[in-house]
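Take a look at the structure set out below.
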Amino acid sequence: MIRRMSVIVFLSLSPRFLAFGFFTAFFSAFGQTYFIALSSAEIRAAFDLTHGEFGLIYSSGTLTSAGLLIWAGRKIDDIDLRAYTCAACIGLALACLGMAGVRAAPWLILVIFGLRFTGQGLLSHISTVSMARYFDTHRGKALSISSMGTPMGMALFPSVAVALIAAFGWREMWAGIGIFLIVVLIPLVLWLLKGHDQRHRQLDEPARVTGADRTSASWTRRQVLADPRFYVLMPSFLAISFIGTGFLFHQVHLTESKGWSLTLFAGFFVAYAIGQILSALATGVLVDRFDARRIVGLCLLPALIGLGIIATFDAPWAGAAFMAFMGLSAGAVTVVHGAIWAEIYGIAHLGAIKALGTVLIIFSSALSPPMMGLFIDAGVTMEAIAIACAASILIVSALAAFVFPRLKAHPA
């Protein structure tokens, strides 16, 4: 009965902390590829960059952020969550202000680094690690609720950004975001974390009250690196990041090649968000009932359908369907990826372990913009790229579904 508690009832257990997970994911939008890419045309024009050149700059900043996240991500295991979160929020605000003021192409690497490190990196890391660590019996539902922040941001911010860029300019938009984060986000997260000392001492009040077992063994990051299961699972988590980042980074080129307007495509983010929210909610319930390990092989199947659609059809509905199916996979991957490491490896070193997975995801998201950009510059169509991506999904899904269950745990 405890594991089958409804999401609505579960919200009443710890509404403020669940809201913290939601809003850290929500405001990570400003460091996500889809948001940065909304001003990519203006940035390329301002600095006279090709698709491939801007992709390389973006990749350089992203890869640098991933390298630092290996160290910074594990610090969430040792530093008070309030201080850790405030530092990330301040860093994101400064990066947004930096984007507003950057005047030379080489400095774009530093700005992109700041946005990716604090936004996609730290705020997303904070959201998933805090939910996975402080909830046990209802970990899946907690992750599904917090992960809704990402699609909600995706549904809201693109249309707003396009309108702001048209009305005021791309630099002014980034400056406004930086000021907003300082004035609104930092006080908000401190309020939402009020009383966190008690929560940390108890490590999940709902589990303590219901007598849930929290005695599972905890692996170190070194032990995880020696576990073959980690390497079999990671490609299924990297795929959606690599593919989604590549297509969203080059969304301007995609819309031009399909004959759609960018404003129309920005509206398709709502379809993505709806798909991601519905998928996250459903996946959270399934994780609590069956465990993440049993459903990991199914997460990418909707993306496979979406890629098939975008490779075959040029009508505007194909864009909406593509985004909806990608959202379904993104929602499932987010929840399963957040839960499965705690299930397999425990929570004592969860920050370090999750940071390792996040770093690899960021690496994958760093590789796709320049790779796709170079293919685009060479004349490869988006349809051909979609077919290649679909083939890769078939391979990594087979690994997660058929190879992973047959592997045994062998901690070093």
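The values are calculated or read from the model by the stated rules, or taken from the named source; none is laboratory data. Please read all numbers here as calculations on a predicted model, not as lab measurements. Positions of Cβ are generated from backbone atoms using ideal geometry, with glycine treated the same way; all protein chains shown enter the neighbour counts. Ligands, DNA and RNA are stripped out before the accessible areas are found, and what is left, the full protein with its side chains, is counted by its heavy atoms. Shrake-Rupley method; radii C 1.70, N 1.55, O 1.52, S 1.80 Å.
Side notes on the structure shown:
- Added length on full extension, which subtracts the Cα-Cα distance from 0.36 nm per residue, Arg16 to Glu383: 127.7 nm
- Placing R0 at 41 angstrom, the Cβ-Cβ distance between Thr220 and Val184 gives a FRET efficiency of 0.60 after rounding to 0.05.
- Non-local lysine pairs in the chain, meaning eight or more places apart or on different chains, with alpha-carbon distances under 24 Å, amount to 5.
- Per-residue HN-Hα couplings for the stretch 220-235 [Karplus 6.51, -1.76, 1.60; θ = phi - 60°; Hz; x = Gly/Pro]: 8, 5, 5, 5, 4, 5, 9, 9, x, 4, 4, 6, 6, 7, 4, x
- Translational diffusion of the stretch 237-331 was estimated from the Stokes-Einstein equation, with Rh taken as the Kirkwood radius over Cα pairs; at 37 °C and 0.692 mPa s the coefficient is 240 µm²/s.
- Anisotropy class assigned to the stretch 341-412 is oblate, per the alpha carbon gyration tensor with a/c at or over the 1.5 cut-off and a/b no larger than b/c.
- Net length gained if the chain between Lys75 and Leu156 were fully extended (0.36 nm per residue, minus Cα distance): 26.0 nm
- Summed side-chain charge close to Gly338 - residues other than Gly338 whose Cβ falls under 9 Å, Lys, Arg +1, Asp, Glu -1: +2
- The stretch between Phe402 and Trp191, if pulled fully straight at 0.36 nm per residue, gains 71.4 nm over its current Cα-Cα span.
- Here the Karplus curve 6.51 cos²θ - 1.76 cosθ + 1.60, taken at θ = phi - 60°, turns the phi angles of the stretch 331-342 into couplings of x, 5, 5, 4, 5, 5, 5, x, 8, 5, 5, 5 Hz, with x standing for Gly and Pro.
- Whole-number accessible area per residue in Å² for the chain, which is evaluated in the context of all protein chains at 1.4 Å: 38
- Exposed trypsin sites (Lys or Arg not before Pro) absent: longest stretch of the chain, with sites in DSSP loops and at most 16 other Cβ within 10 Å deemed exposed: 215-407
- Within the stretch 35-75: backbone nitrogen closer than 15 Å to the Ala104 label point (7 Å, Cα to C-beta): 47
- Where only DSSP H runs of four or more residues are counted, the chain gives -24000 deg cm²/dmol as its mean residue ellipticity at 222 nm, each run worth -39500 (n - 2.57).
- When a 1.4 Å probe is rolled over the protein heavy atoms, the share of accessible surface on the chain that falls to carbon and sulfur comes to 69 percent.
- Sparsely packed chymotrypsin sites (Phe, Trp or Tyr not before Pro) within the stretch 311-367, loop by DSSP, other Cβ within 10 Å at most 15: Phe313
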